[in-house]
Amino acid sequence: MDQTRIALVEDDVELAQWITEYLEVKQYQVTVYHDGISGLEGIKLNPPDLVILDGMLPRMDGLDVCRALRSSLALPILMLTARDEEVDEILGLEMGADDYLTKPVRGRLLEARIKSLLRRTSSSAMPNSSLVLGQLEVNPDTRNVRLNGLNIKVSSNEFDVLWVLAQHAGSVVTRDALIQQLRGFEYDGFDRSIDLRVSRLRKKLGDTQEPYKIATVWGKGYQLAKDVW
């Protein structure tokens, strides 16, 4: 079996070495870049299976690298951010990152996030039938969303949330279930990435007035309306 190829873009030499050694023991093949420009150029020239991208990089900021990669390549991106820098986490998700991890990095959690992202990539390549809820169509093959016959441009993160909600339309999906399905770990009560994605989905789908079609069920999670699209 071929090794999973990971591109690590991290300017902290000691951290990059530690992550590389940890992942190589786990049978991943790691290529390291120490600045944004070399990372962007190297990844475009030789696309890996997954990118681990530091948020703060010399020569080109990690968020700009993320945005540039997302515009041309459909590969999973895991961003590393400094502890408690929520703004960076939100910006990273908006720029197209699929997940984020705060420093200091813990090996087992890093590996769990990598495995989760690779599972999502693999499952999205499997054929599935579109879900049609009235005038709303969610297609997992093309990862397209159509409403009233018009294409709605959503990010990869937003699509993942919408797809899970659409699969359970009419039922409440807890935040814990959403995060476990999308990212592979338990909801800790502080992760707000799901809330951000739902808010952005509402705007893009014109769901801007209460009662929302993507309803917040306080203390539980979210519920996608089944019969009102």
| Can you give me the relative contact order of the chain as a percent, contacts being Cα pairs under 8 Å and 6 or more apart? | 13 percent
| Which whole-number percentage describes the relative contact order of the range 131-224, with Cα contacts under 8 Å and a sequence gap of 6 or more? | 27 percent
| field | Segment D61-N144, length gained on full extension (0.36 nm per residue, minus Cα span) | value | 26.9 nm
| Charge dipole (debye, nearest 20) of the chain; +1 at Cβ of Lys and Arg, -1 at Cβ of Asp and Glu | 940 debye
| note | Looks like the range 131-224, by Cα gyration tensor root eigenvalues a ≥ b ≥ c and the a/c under 1.5 rounded cutoff (else prolate when a/b is bigger than b/c, oblate otherwise), is prolate
| field | Residues E10, E158, E210, E24 arranged by fewest to most Cβ contacts within 10 Å | value | E210, E24, E158, E10
| So how much slack lies between E210 and S71, counting 0.36 nm per residue of separation and subtracting their Cα-Cα distance, in nm? | 46.7 nm
| note | Highest GNM mean-square fluctuation among W218, W163, W18, for the chain with Cα springs under 10 Å, belongs to W218
| remark: Too long for a 20 Å Cα-Cα cut-off, among K204/K226; K115/K220; K203/K226, are K115/K220
| request: Mind giving me the FRET efficiency for A82 and V132? R0 is 41 Å, r the Cβ-Cβ distance, nearest 0.05 is fine. | output: 0.45
| task | Rank these for me by crowding, M79, M56, going from fewest to most other beta carbons within 10 Å. | result | M56, M79
| remark: Stokes-Einstein D for the range 5-124 (10 °C, 1.306 mPa s, Kirkwood Rh from Cα pairs), in µm²/s, comes to 114 µm²/s
| remark: Here the alpha-carbon Rg of the chain over 2.2 N^0.38 Å rounds to 1.04
| query | Excluding V172 itself, what net charge comes from residues whose Cβ is under 13 Å from its Cβ, given Lys and Arg +1 and Asp and Glu -1? | reply | +2
| message | Just to verify a number: FRET efficiency for Q29 and K203, C-beta to C-beta distance, R0 = 45 Å, to 0.05? | response | 0.65
| message | For Y28, Y33, which order do you get if you count the other beta carbons within 10 Å of each Cβ and list the fewest first? | response | Y28, Y33
| said: Among T208, G219, S130, whose Cα projects farthest towards the positive end of the dipole of the chain, with charges put on the beta-carbon of Lys, Arg (+1) and Asp, Glu (-1)? | reply: S130
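Any read-out appearing in this document is the output of simple, stated calculations on the displayed coordinates, not a laboratory observation. If you're wondering where the values come from, they're calculated on a predicted model, not measured in any experiment. Neighbour counts are summed over all protein chains in view; Cβ atoms, including those assigned to glycine, are modelled from backbone coordinates with ideal geometry.
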